[in-house]
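The values are calculated or read from the model by the stated rules, or taken from the named source; none is laboratory data. Please read all numbers here as calculations on a predicted model, not as lab measurements. All Cβ positions, glycine included, derive from the backbone under ideal geometry; neighbour counts span all protein chains shown. Remember, those area values only see protein heavy atoms, side chains included, never the ligands or the DNA or RNA. Shrake-Rupley method; radii C 1.70, N 1.55, O 1.52, S 1.80 Å.
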Amino acid sequence: MIKRILIFPFLLLIRFYQIAISPYTPASCRYSPTCSQYAIEALKVHGLFRGGWLALKRIFSCHPWGGSGYDPVPEKEADNKK
């Protein structure tokens, strides 16, 4: 529940970008899924800090000399508590 509350404002910002800004700019993301969709998924799976870090790394690598292609959000590591 706390995780949802923490990531909600960031999800709103990303959705605002997807609806209000992205349609008016040229498609330039080199990855699949797009960087904004990756950020949403990373925040939902990993939470604010780890998901935010993954999203920032992805956004900063999305340039002509960076990577490209299919790059899914890594799965959440299982707790090793037994």
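Just checking, does the stretch 24-45 include any residue being open to solvent by 80 Å² or more (accessible area, probe 1.4 Å), assigned to a helix (DSSP H, G or I) and basic (Lys, Arg)?
Checked against the condition, which is being open to solvent by 80 Å² or more (accessible area, probe 1.4 Å), assigned to a helix (DSSP H, G or I) and basic (Lys, Arg), the stretch 24-45 yields at least one hit.
Being open to solvent by 60 Å² or more (accessible area, probe 1.4 Å) and assigned to a helix (DSSP H, G or I): is that true of residue 58 here?
No; evaluated as a whole, the condition is false for this residue.
Which condition breaks for residue 21 when tested against (1) surrounded by 16 or more Cβ atoms within 10 Å (Cβ to Cβ); (2) hydrophobic (A, V, I, L, M, F, W, C); (3) assigned to a helix (DSSP H, G or I)?
Unmet for residue 21, out of (1) surrounded by 16 or more Cβ atoms within 10 Å (Cβ to Cβ); (2) hydrophobic (A, V, I, L, M, F, W, C); (3) assigned to a helix (DSSP H, G or I): (1).
Restricting the search to the stretch 21-63, which residues are touching a residue at least 24 places away in the same chain (Cβ under 8 Å), under 8 Å from the mean Cα position of the chain (by Cα) and closer than 13 Å to residue 76 by Cα?
Correct list: 41, 42, 43, 51.
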